[in-house]
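The values are calculated or read from the model by the stated rules, or taken from the named source; none is laboratory data. The shown structure was predicted, so the numbers you read here are calculated from the model rather than taken from an experiment. Every residue, glycine among them, receives a Cβ derived from its backbone with ideal geometry; neighbour counts consider all protein chains shown. In case anyone asks, the SASA skips ligands and DNA or RNA and just uses the protein heavy atoms, side chains included. Shrake-Rupley method; radii C 1.70, N 1.55, O 1.52, S 1.80 Å.
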Amino acid sequence: MPASAMTEVEEVRIEPDGLIGLLGVPHGAQGIVIFAHGSGSGRLSPRNNHVAAALRQAGLATLLVDLLTSIEERDRRNVFDIDLLASRLALATHWAAAEARTRRLVPLYFGASTGAAAALVAASRPDAGIAAVVSRGGRPDLAMDALPAVRAPTLLLVGSLDGPVIGMNERALAALKGEKQLIIIDGAGHLFEEPGTMDEVVRHATRWFLEHLAPPEGPRQ
């Protein structure tokens, strides 16, 4: 087992909003994948932690962060407040850029469900500098107005059994102007709970991130 598989994961606090995250930085990492979780999920999500562990084995740092405080989570409206979630994701990205252990690492986003919309909105901002985005079972349709401004190469992963979400991702793919790809994973539902489907997510996400470990260059038009 590679040494990066044993990377220590520690809890961190991101101020001024008091967000709690789990940070793991394998030796020699060049990029950091910041996770934007879906509705009702957070840094302890077993599915996203499965993906994060595999990414660390591949040599990428990971930051799983709760984008809402415990008090904010009680108001269901906040779960679907994409602008709020995107601002918190940007805060986590700025924290990583200032933190000694991660400031030299290229930022990457992994979003699930509504978190994918937040990741795309955050990545669309002029100063974002995000090298790549991966969406798992995402709702990029909730970020439709921001999609033409996303410069980061974007991979959309959808389960073949997730009928309505497939259409949402097809429309989002058409709206994205930069490098993009939609992959439909056979036999997977919305949560990718079916045997082997999450491993497919890991395989595709790892490839996408490692192939795009450089932020987009040049000013946004």
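Quick notes on this structure:
- The listed residues are Pro16, Pro26, and the only one of them that is open to solvent by 60 Å² or more (accessible area, probe 1.4 Å) and not in a strand (DSSP E or B) turns out to be Pro16.
- If you go through the range 66-83 and pick out every residue that is in contact (Cβ under 8 Å) with a residue 12 or more places away in the chain, outside any loop (DSSP other than H, G, I, E, B) and not charged (D, E, K, R), you end up with 2.
- Within the range 174-183, tally of residues that are touching a helix residue (DSSP H, G or I) at 6+ places or on another chain (Cβ under 8 Å) and either open to solvent by less than 20 Å² (accessible area, probe 1.4 Å) or outside any strand (DSSP E or B) (or both): 3
- The requirement of being farther than 25 Å from Leu213 by Cα, surrounded by fewer than 19 Cβ atoms within 10 Å (Cβ to Cβ) and touching a His at 6+ places or on another chain (Cβ under 9 Å) is satisfied by Leu161.
- Against the test of being among the polar types (S, T, N, Q), surrounded by fewer than 20 Cβ atoms within 10 Å (Cβ to Cβ), more than 14 Å from the chain's Cα centre (by Cα) and at pLDDT below 90, the options Ser45, Ser70 yield a single qualifying residue, Ser70.
- Annotation: of all residues in the range 136-152 being outside any loop (DSSP other than H, G, I, E, B), of a type in the set (A, V, I, L, M) and open to solvent by less than 20 Å² (accessible area, probe 1.4 Å), the one that is nearest to Phe80 (Cα to Cα) is Ala143.
To keep it simple, each residue is scored yes or no on (1) surrounded by fewer than 24 Cβ atoms within 10 Å (Cβ to Cβ); (2) not in a helix (DSSP H, G or I).
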residue: Leu85; (1), (2): no, no
residue: Leu89; (1), (2): no, no
residue: Thr102; (1), (2): yes, yes
residue: Leu108; (1), (2): no, yes
residue: Ala116; (1), (2): no, no
residue: Leu120; (1), (2): no, no
residue: Asp127; (1), (2): yes, yes
